[in-house]
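All remarks here apply to the structure that follows.
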Amino acid sequence: MSLARNILSGKPDVDAKKLTAGQFIEADADVILSNDITTPLAIDAFEKHSEGRIAYPERVVLVADHFTPNKDINSAEQVKKVRNFAHRHGVKFFDAGCGIEHVLLTEQGLVVPQDIVVGADSHTVTYGAMGALASGMGSTDVAAAWMTGKAWFKIPEAVKIVLNGKLGEYVSGKDIILYLIGQIGVDGALYKGLEFTGQALKELSLESRFTIANMTVECGAKYGIMEVDDKVIDYTEKRAQRPYSPPPAGYSIETDKDFDDLMEIDCSQIAPQVALHGSPANSRSVNEIEKIKIDQVVIGSCTNGRWEDYVKAAAIIRGKKAFSSLRFIVIPSTAALYSRMVKEGLAEVFLAAGAVMSPPTCGPCLGGHMGILASGERALATTNRNFTGRMGHKDSEVYLSNPEVAAASAVAGYIIAPGKIK
Amino acid sequence: MKSEKDKFIIKGRAFKFGENVDTDQIIPARYLDTSDPDVLACHAMAGIDEDFSKKINPGDIIVAGRNFGCGSSREHAPLSIKAAGIGAVVAQSFARIFFRNAINIGLPIIEVKDFKAQSGDELELDLKKGKLKNKSSGEKYSFPSFPGFLQNIIQAGGLMERIREESKKGE
Ligand code: SF4
């Protein structure tokens, strides 16, 4: 049985007979997430329609991460509304600077394998890397889940993705997912559930897996779930704030035929990727692109803002300087990561290279603040989206890559493979 | 007040957009510092055309290609379109979060694979009968009605309204 259907079939009130593609079900959510942009709308819907009581306050998590520390009066008012709501209802609230939701929730042990996570943020799919069924929704969905504890789902077709082969140098999760999106396009998995297995997956770090799961929404997927192995159990054991029951040992979809579609990817053939401006599907090998000059490099975000990402970037740029006319922005994605970067000397490596280190925030990733582009400017970012105007002016450009390519390119002043900088 | 029958008929001019219109184009992040529908309405489609909201009459229809509304989960996207007065969106396909957001807030969205229209064409949509007419070209199309589960949400006027109705029934 697919990983997602296995989770759903174990939940109360879910009719196992209805777990076929195209059916609608309602299921209990274990975690109900929203942020400073999506929560205010949910509050409006909730207060208009409910008796004012959240059914399961312990499941609710609110994170102020997008326009925080507040960039202007309007965003301050928005966060005030969220903060007051959190206090009134006694739900978890992470204020400015705590961190970016999808890095923070896993770090804090708020998500465990087999969970159903609904979030008013499209990158809620990130938790699939821990074997949770996690899907992005809207504010009204969250308001409804506050009221009833439940969300509605349409059971999607399930696609099995088998990752094989050994990864090359400077290749990580970002390159695998950019490559995959490049192959199938931004609607290649529309309405589908992606389920990952294979030898290469087992060898990937959890950080790389989070990156892959994070960007499954970039090809339209409803979720991107992965098999749970010892690495996931180990990660969860160290953090989990709740008891959990992992899937039975040895449970694997690798030979399972119960899938609507199958894709095999030979990861040994994947070079470090760059997605050219306009779409995450514009990905190609960094070795195949012409010289693209850049004005800004951003390292961070819920896609590549985990410890390993900063370590890899620091290893490339240690002892070097960012190109003179380039803005090099490093965003630690949680307060704990920031502190560790200071303690273990990574912060010094970045600062010595000329970096601006911002507080934990989504900031420039969504064109919010802390690194907005003017017309005609170009950035290379470790983020997940490069649609028109995503990081600022509609005539600016965003390119996407892994942290090593980003660090190397910060040194060169143009997009370059990590092995090629002097 | 519209009669029960009129509620399902939408008439207006087509405003045409391309494929993969993402939520950064529908409502750029710089306008997400409010949840007020009237303010959001002024910035609908601002990533493509800053003056879009000034050009539309109530009931006008957005026509687009594949994967309309891809990207962020921001409900501000369908909300800004609805609040600007757009009567419906007709596209070849919708990104899934946009789809559910639109259903949840009661913005009619219709998938018609081979629909042809130019900006300015006069369109007429009958949600109940599943008929779409391009009055300018004379071409007629049909589309399947929504499955029962979604019908219930739409008929209640949105997801929250449906939950309320059900909780009242249970009392
Ligand atoms: S870092 Fe970017 S993609 Fe991730 S939650 Fe923040 S804005 Fe969204």
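The values are calculated or read from the model by the stated rules, or taken from the named source; none is laboratory data. The model shown is predicted, which means the values in this text are computed figures rather than measured ones. Note that we place each Cβ from the backbone using ideal geometry, even for glycine, and neighbour counts take in every protein chain shown. With ligands, DNA and RNA removed, areas are computed over all heavy atoms of the protein, side chains included. Shrake-Rupley method; radii C 1.70, N 1.55, O 1.52, S 1.80 Å.
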Residue count for the range B:125-138, restricted to those that are within 27 Å of A:E26 (Cα to Cα) and open to solvent by 80 Å² or more (accessible area, probe 1.4 Å): 1
From the option list A:I317, A:I372, single residue qualifying as within 18 Å of A:I415 (Cβ to Cβ) and at pLDDT 95 or above is A:I317
Please work out which residue is farthest from A:Y235 (Cα to Cα), limiting yourself to the range A:202-222 and to residues that are within 12 Å of the ligand (Cβ to nearest atom) and within 14 Å of chain B (Cβ to nearest Cβ). A:E218
Within the range A:333-365, track down each residue that is in a helix (DSSP H, G or I), open to solvent by less than 10 Å² (accessible area, probe 1.4 Å) and either within 13 Å of the ligand (Cβ to nearest atom) or among the polar types (S, T, N, Q) (or both). A:G363, A:P364
Residues in the range B:139-147: is at least one assigned to a helix (DSSP H, G or I) and surrounded by fewer than 13 Cβ atoms within 10 Å (Cβ to Cβ)? no
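Every residue, every condition in (1) out of contact with any Phe, Trp or Tyr (no Cβ under 9 Å at 6 or more places or on another chain); (2) more than 22 Å from A:P113 (Cα to Cα); (3) within 14 Å of chain B (Cβ to nearest Cβ), yes or no:
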| position | (1), (2), (3) |
| --- | --- |
| A:I7 | yes, no, no |
| A:K11 | yes, no, no |
| A:K17 | yes, yes, no |
| A:I37 | no, yes, yes |
| A:L41 | yes, yes, yes |
| A:G52 | no, yes, yes |
| A:V61 | no, no, no |
| A:A64 | no, yes, yes |
| A:R88 | yes, yes, no |
Which one of the conditions (1) open to solvent by less than 60 Å² (accessible area, probe 1.4 Å); (2) within 11 Å of another protein chain (Cβ to nearest Cβ) does B:R164 fail to meet, given that it meets all the rest? (1)
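Please return the ranges of helices (runs of 4 or more DSSP H) entirely within the range A:186-302 where 2 or more residues are in contact (Cβ under 8 Å) with a residue 60 or more places away in the chain.
Details: elements: A:199-203, A:206-214, A:230-239.
Answer list for the range A:186-302: A:206-214, A:230-239.
Conditions (1) assigned by TED's automatic domain parsing to the domain that holds A:V398; (2) of a type in the set (G, A, S); (3) crowded, with 20+ Cβ neighbours inside 10 Å, marked per residue:
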residue: A:I225; (1), (2), (3): no, no, yes
residue: A:A240; (1), (2), (3): no, yes, no
residue: A:G250; (1), (2), (3): no, yes, no
residue: A:D261; (1), (2), (3): no, no, no
residue: A:N282; (1), (2), (3): yes, no, no
residue: A:V286; (1), (2), (3): yes, no, yes
Collect the residues in the range A:123-157 that are part of a loop (DSSP other than H, G, I, E, B) and either small (G, A, S) or without any contact (Cβ under 8 Å) to a residue 24 or more places away in the chain (or both), keeping them in residue-number order. A:G131, A:A132, A:M137, A:G138, A:G149
Give me the helices (runs of 4 or more DSSP H) completely within the range A:35-122, filtered to those with at least 3 residues that are without any contact (Cβ under 8 Å) to a residue 40 or more places away in the chain and within 13 Å of the ligand (Cβ to nearest atom), ordered by residue number. none
Scan the range A:279-308 for residues that are farther than 20 Å from A:A347 by Cβ and more than 16 Å from the ligand (Cβ to nearest atom) and report the count. 15
Go through (1) touching a strand residue (DSSP E or B) at 6+ places or on another chain (Cβ under 8 Å); (2) more than 16 Å from the ligand (Cβ to nearest atom) for A:K174 and report which single condition fails. (2)
Of the residues in the range A:303-329 that are of a type in the set (G, A, S) and either touching a Cys at 6+ places or on another chain (Cβ under 8 Å) or not in a helix (DSSP H, G or I) (or both), the one that is least open to solvent (accessible area, probe 1.4 Å) is A:G305
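Considering A:S358, A:S409, A:S325, which residue is under 25 Å from A:L105 (Cβ atoms), more than 14 Å from chain B (Cβ to nearest Cβ) and small (G, A, S)?
None of the others qualify; the one that does is A:S358.
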